[in-house]
Amino acid sequence: MASVHFTATIKKFDQQGEKTGWTYIELPVDLAQELNGASKKGFRVKGKLDGYAIEKTALIPIGGGVLILPLNAAMRKGIGKGKGATVSVQLAVDTQEIKPPAELMECLQDEPEALAMFNSLAKSHQNYFTRWITEAKTESTKAKRIAITVSAMLKGQDYGAALRSLKSEAAAAKRG
């Protein structure tokens, strides 16, 4: 299995649609091709950022063959770096299948419409929900995220729409 090693500068999107505020690193076109051929689609990788292990993390295409690796809060904390810093990157394609938590699937089976919606989502969106749930630090947070996911499925929302709805509900609760 091919792997690549390089140094990248951490960047942050200002105004970039749904990616506004994202912290990320770019994977140069030649290294993306070395990892995954001529494919311009995103794919999952595993590896290390300054020694901090990552897995099941998606590279996202942004055009021109360029892929980005979004750095979530856990990754930024793990490497202790932010925008403008350089990071040593080691990546390989991650072929391990991501499976939704059993608790989520049990809840979705109780709501056939929600299960049908979840199954109709692109695998990447199923994976977004799965990671969001499995990265919860407490059981109560995990349970809350499962409930939000089931509710989003009943509303016909993908991951992005579910999070925007959640944010607007939180903002409305603060005002009201």
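Here are some notes:
A quick yes/no check of all residues on (1) in a helix (DSSP H, G or I); (2) out of contact with any strand residue (DSSP E or B) (no Cβ under 9 Å at 6 or more places or on another chain):
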site: GLY78; (1), (2): yes, no
site: GLY82; (1), (2): no, no
site: LYS99; (1), (2): no, yes
site: CYS107; (1), (2): yes, yes
site: LYS144; (1), (2): yes, yes
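- Restricting attention to the range 152-176, the residues that are at negative phi and touching a helix residue (DSSP H, G or I) at 6+ places or on another chain (Cβ under 8 Å) add up to 12.
- Filter result for the condition that a residue is outside the structural domain of ASN72 (by TED's automatic domain parsing), in contact (Cβ under 8 Å) with a residue 40 or more places away in the chain and more than 20 Å from GLU113 (Cβ to Cβ), over GLU139, GLU169, GLU135: GLU135
- Test set (1) over 15 Å from the mean Cα position of the chain (by Cα); (2) crowded, with 17+ Cβ neighbours inside 10 Å; (3) farther than 17 Å from HIS5 by Cα; (4) of a type outside the set (A, V, I, L, M, F, W, C) - LYS83 fails condition number: (2)
- Any chance LEU69 is crowded, with 16+ Cβ neighbours inside 10 Å, under 20 Å from PHE6 (Cβ atoms) and among the hydrophobic types (A, V, I, L, M, F, W, C): yes
- Counted residues, the range 32-76 - those being acidic (Asp, Glu) and either closer than 16 Å to THR86 by Cα or under 16 Å from the mean Cα position of the chain (by Cα) (or both): 2
- Any hit, the range 51-65, residues being under 30 Å from GLU139 (Cβ atoms), of a type outside the set (Val, Ile, Thr), loosely packed, with under 13 Cβ neighbours inside 10 Å and modelled with pLDDT of 90 or more: yes
- Residue selection: THR95 fails the criterion of being among the polar types (S, T, N, Q) and at pLDDT 85 or above.
The values are calculated or read from the model by the stated rules, or taken from the named source; none is laboratory data. Treat the numbers as computed from the prediction; the structure is a model and nothing was measured. Note that each Cβ is placed from the backbone with ideal geometry, even for glycine, and that neighbours are counted across all protein chains shown.
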